[in-house]
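This report concerns only the one structure given below.
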Amino acid sequence: MSATLSAIVGPAVTKQASAVSRLFSAGWGGIARCFVYRAAIARLRELDGRALRDIGLARNQIEAAVHGCRRASTAEAAAWN
């Protein structure tokens, strides 16, 4: 009686991550993202007004820009100049 390779090896069993593992991973990702955002905000706050205008930001928009919020309206942008 001959056996085929698939019968010997058997089907591949995939392991799904447990709920605790997924929760830990999500929490760790959130903490890491927080540190990245804080570093980016600190770096942008070090820039002078001219450098911020060059990249299209006002000082009061730094946090929103780092978090990916919408850019300022054209009326706000015109007020900078």
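See the values below:
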| item | result |
| --- | --- |
| Condition check for Ala39: part of a helix (DSSP H, G or I) and modelled with pLDDT of 95 or more | yes |
| Failed condition for Glu46, given (1) modelled with pLDDT of 95 or more; (2) surrounded by 10 or more Cβ atoms within 10 Å (Cβ to Cβ) | (2) |
| Test: Ala78 is over 14 Å from the mean Cα position of the chain (by Cα), at pLDDT below 85 and either among the hydroxyl-bearing types (Ser, Thr, Tyr) or exposed (fewer than 10 other Cβ atoms within 10 Å of the Cβ) (or both) | yes |
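The values are calculated or read from the model by the stated rules, or taken from the named source; none is laboratory data. Quantities reported herein were computed from a predicted structural model and do not represent experimental measurements. Glycine gets a Cβ as well: all are built from the backbone with ideal geometry, and neighbour counts include every protein chain shown.
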